[in-house]
Amino acid sequence: MNLNRPTKHLLLAALLSAGMALPAVAQVNININLAPPPPQQEVIPVLAPDRLWAPGYWAWNGDRHVWVKGKTIVRREGYRWAPDHWEKRDTGYHRQPGYWVRDANYVKVKEKKAKKRKHDHDDDDDDDHEGHDRNGKNGKHGKGHHKD
C-alpha cells in the first residue's frame, strides 16, 4: 500500500497519541515493604443529606507516605463507600483505592404524600359551608324559602 506523506503523518500522529493515552487509563499497583503510618485525625464538616465523607488516607509518592486529605463525595443510593486502605500481602503492603459497595441492608424508603382530607378546600368559596350563607343562616331550601 502506497500512502502519501500527509496520510503517513496523520497515521503516525494517531498511533503515537493512542500509545500515550494508554498509561493514563492503566491502573498502577504499588507494593511496598513499609507499612503506612496510622490515619490522621480529621475534622469532618457538616454534610448535606446527599453527601458523605470519604476519609483521608496515606498514599505513596515513590519515596515516602504522604497524607491525602478526606473529602465530601456525592452519596449513591443503595451503596456505601469503602474507603482507601492498605492491605498486608505476602510481598508487602498494597494500597486499595476507595470504591462503592452495594449495601445489602439497604431498604428504599418511599416518601408518603400527605393525604388531602375530604373537606379541605384550597379556595375560600361560599360553597365551603353547604346550606349556610355567610351570616350562618340556612340557605338550603332554595328560592323563596329564606326568612328575612
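Grab the beta carbon distance between ARG102 and GLN40, set R0 = 30 Å, and tell me the FRET efficiency rounded to 0.05.
Details: r = 29 Å, r/R0 = 0.97.
It comes out at approximately 0.55.
Of the peptides 72-80, 96-104, how do they stack up when ordered by the mean number of other Cβ atoms within 10 Å, highest first? Each step should come with its number before you reach the end.
Details: 72-80: 12.6, 96-104: 10.8.
Taking the mean over residues of other Cβ atoms within 10 Å, the ranking is 72-80, 96-104.
Set the Förster distance to 25 Å, then compute FRET efficiency between LYS69 and ILE32 from the Cβ-Cβ distance, nearest 0.05.
Numbers: r = 21 Å, r/R0 = 0.84.
The value I calculate is 0.75.
Between LYS113 and ARG51, what is the label-point separation in nm under the 7 Å Cα-to-beta-carbon projection?
Simple spin-label model gives 3.2 nm for this pair.
What residues have an amide H closer than 5 Å to that of TRP86, excluding those fewer than 5 places away on the same chain, when H is modeled at 1.01 Å from N in the peptide plane?
Answer set, sorted by chain and number: GLN96.
Would you grab the residues whose amide H sits under 5 Å from the one on TYR79? Only those 5+ places off in sequence or on another chain, please, with H modelled 1.01 Å from N.
Hits under the 5 Å cutoff: ASP103.
With the alpha-carbon atoms as the only input, what is the per residue convex hull volume for region 27-102 in Å³?
Working: hull volume 7.7 nm³, N = 76.
That works out to 101 Å³ per residue.
Coordinate-derived values only; no laboratory data. A quick note: this is a predicted structure, and the numbers were derived from the prediction, not measured. Every residue, glycine as well, gets a Cβ built from its backbone with ideal geometry; the counts of neighbours run over all protein chains shown.
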